[in-house]
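Here the structure comes first, spelled out in structure tokens, and everything after it is commentary.
We did not get these values from a lab; they are worked out from the coordinates using the rules stated. Keep in mind that this is a model prediction, so the values were computed, not measured. So basically every Cβ, Gly included, is an ideal-geometry build from the backbone, and we count neighbours across all protein chains shown.
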Amino acid sequence: MRLRTAAVAALAVLVTGCGIRTTSVPVDAGPAPSRVPCNVPETPAPASGVPVRAFLVCGSQLEPVDRRSPQPEDKASGDPVRTASALLAQLLAEPSEAERQAGFTTAVRAPLKVAGGRAGDPEGTLRLSRQPEDLAPAALSQLVCTFAESSAGTGGHMVLLAGPGAYPPKRYRCTTELRERPESAPPTVAAPTPAG
């Protein structure tokens, strides 16, 4: 009797397996783990240019990459539009060989330009030559985080963006969730109304 009880217990353990039940409900476990390092080896900094930080796509996430802008006056002047133009040039450029080997890519494609706001726009508005919503989601996420985390942003990890049309600008926020899922729509906050 004891032998039969032990056999039944052993059979029950085999039938139950590892204890993880199957489910018919889809489970979102987040992005698949990436084998790319997303880490560019440090190289000696060039003597010219101003350090800038651009957000590139790596392993289905946004990761910051430190680069140098060839136009030192872009940052020194404190002009948000010039800073945004220099950062856009970094996003439009193909990743370097070291960045490519580390797994970095960019979704931002030409033709794309950035300019200042027009009459009636809130202070700090940047207008793109294409409507932000018409850009690929990862490209818009790259722009939002790169601009928002620089002097081109309006503070608080935000940037005011609009397109060439008559639509009012929107305040886009660079969040941890957006950096983890750049294919999602960047969160927006109501833009401030211009004074008087």
Summed over the other residues with a beta carbon less than 11 angstrom from that of Pro64, with K and R at +1 and D and E at -1, the charge totals 0
To the nearest 20 debye, segment 151-192 has a Cα-centred charge dipole, built from +1 on Lys and Arg Cβ and -1 on Asp and Glu Cβ, of 100
Long-range amide H partners of Ala107, meaning residues 5 or more apart or on another chain whose placed amide H is closer than 5 Å, are Val57
